[in-house]
1. Pull out all pairs, ordered by first then second residue, where Cβ-Cβ is under 8 Å, the residues are six or more apart or on different chains, the first lies in the stretch 89-101 and is without any contact (Cβ under 8 Å) to a residue 24 or more places away in the chain, and the second is of a type in the set (D, E, K, R).
2. Out of PHE78, PHE74, PHE27, which single residue is of a type in the set (A, V, I, L, M, F, W, C), within 41 Å of the chain's Cα centre (by Cα) and more than 26 Å from ASP218 (Cα to Cα)?
3. Looking at the stretch 260-270, can you tell me whether even one residue there is part of a helix (DSSP H, G or I) and within 12 Å of the chain's Cα centre (by Cα)?
4. Taking only pairs six or more apart or across chains, which ones have beta-carbon atoms under 8 Å, a first residue in the stretch 58-86 that is closer than 24 Å to VAL206 by Cα, and a second residue that is modelled with pLDDT under 85?
5. State which residue pairs qualify: first residue over 16 Å from ILE379 (Cα atoms) and inside the stretch 230-247, second residue open to solvent by less than 80 Å² (accessible area, probe 1.4 Å) and aromatic (Phe, Trp, Tyr) in any location, beta carbons under 9 Å apart, and separation of 6 or more residues or different chains.
6. Take the residues in the stretch 30-71 that are among the hydrophobic types (A, V, I, L, M, F, W, C), at pLDDT 85 or above and more than 24 Å from the chain's Cα centre (by Cα); name whichever of them is most open to solvent (accessible area, probe 1.4 Å).
7. Does LYS94 satisfy being open to solvent by 90 Å² or more (accessible area, probe 1.4 Å) and not hydrophobic (A, V, I, L, M, F, W, C)?
8. Being touching a residue at least 12 places away in the same chain (Cβ under 8 Å) and assigned to a helix (DSSP H, G or I) is the filter here, so list the residues in the stretch 331-345 that pass it.
Amino acid sequence: MKEEYKPYIRWGVTIIAIFSACVMIFFFLLRMDLIVRFFGKATDAVQSIIYGLVIAFILRPVASFWQEKIEKYFQKNFPSEEEKKQKKHHMVAKGISVAITMMIALLVIGAVIGMIGPRVVDSIKNVVASSSGFLETIEQWAYSLQEKHPELFSAGGEAYEKAIVYLENWVNTDLLGWMNTLVSGFTTYVIGFFSSLMNWILGLIVAIYALTEREAFDGQAKKMVYAFLPVENANVVIEIARKANQIFSGFISGKLIDSFIIGVLCFIGLSVLRMPYTLLISVIVGVTNVIPFFGPYVGAVPSAFLILLVNPIQCLYFVIFILVLQQIDGNIIGPKILGDSTGLSAFWVIFSILLFGGLFGFVGMVIGVPTFAVIYYLIKSGVEYLLRKKELPVGTQSYTGLYRVDEEEKVILYCKKGEGKAELQDENKSKEDVEEGK
């Protein structure tokens, strides 16, 4: 091919690629509903695999811990220089560690269901009984008020009769339709529950295979990255994946431990205060505490309503107790366990919870913080890379009070405090020196 034609060919390929991309984007926008339904069906089809991968991700540190212990035991008691025997010890240690991990997980799940399940069911039955008693109490109060102050009801007699007629019509029309919807919805819920239960059971099986093959999957993924990308770019991708794994694993494992501690503390506190439905409320608070920042308040609303049905004064005490518990968790327990695993400020934590919660519901509120932390890390790394390329400082404090950057000297010009003039400022000076105009 003649050299003079190559630029035209490149331009032609570029134009065709842009046109094809525009056509594809237009098609996606035009058929967005079909695409969403397709991905929804695809997600439902692989739901058990998703559950299994999530379980394997959570249990991976436990399996790695036991594998390391068992391999050290083999090295100490059955030392061998043969590569074949070392590989065999490695495979045996991996299998035993996965078996121990799954046994621990199943024992924990069984113990929780065995200890908490019956008491939670009893609490729910008591809630139903208390709610009916609460309605009877309101009815008796209304009758006693009518006997003591008949003038109130006589003055509003016409309105009272209209309210009764409206209530009867509502019972005969809307309430019956709502009950039919509730029954059909309950049937759908039961079917969905057993379907979800089956997915979780299959997910446990998938988790066993995922934990067993975790090293092979890790190596295969890295091999593909280095096969399709230049080595420099592949190194960047591997570093990003390592950082994402660090953020997710640190946050999720830490949050689970934190939520367990908060559930136990809530149970102890409610037992001391002699609150009703102690175990049920502790489970609600512990589970919702998985949601960062808003979790304790999300769990406190239904819990406070349950206590309100029994004793309004105790409901007030409970709200005060939850506020104190949330402060202890947010300022003492949470920072000790989680540390700075996400690197996000309080504003970005709230932003990520609201954004992902609005998009994906409860699951989005749980994974929103680590997901946004990874996105934040990518943006931060990209910005710092571009600044280093321009030979500019990467620290945020270097740009606080910035006036402009001198293009030739690559130094930052700051404004003197209280003045509009720019001053040449050495970037090595501290922020306090800058603010004082030194």
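1. HIS89/GLU71; HIS90/GLU71
2. Answer to the check: PHE27.
3. No: the stretch 260-270 contains no residue that is part of a helix (DSSP H, G or I) and within 12 Å of the chain's Cα centre (by Cα).
4. Qualifying pairs under 8 Å: ILE58/ILE252; ILE58/SER253; ILE58/LEU256; ARG60/SER249; PRO61/SER249; PRO61/SER253.
5. ASN245/PHE57
6. Looking at residues that are among the hydrophobic types (A, V, I, L, M, F, W, C), at pLDDT 85 or above and more than 24 Å from the chain's Cα centre (by Cα), I get PHE65.
7. Working: open to solvent by 90 Å² or more (accessible area, probe 1.4 Å): no; not hydrophobic (A, V, I, L, M, F, W, C): yes.
Considered against the rule, which asks whether it is open to solvent by 90 Å² or more (accessible area, probe 1.4 Å) and not hydrophobic (A, V, I, L, M, F, W, C), LYS94 comes out as no.
8. Passing the criteria: ILE333, GLY334, ILE337, LEU338.
The values are calculated or read from the model by the stated rules, or taken from the named source; none is laboratory data. Given the structure is predicted, the values throughout are model-derived calculations rather than measurements. Because the Cβ atoms are built from the backbone with ideal geometry, glycine has one as well, and the counts that use them run over all protein chains shown. Please note that ligands, DNA and RNA were not included when accessible areas were found on the heavy atoms of the full protein model with its side chains. Shrake-Rupley method; radii C 1.70, N 1.55, O 1.52, S 1.80 Å.
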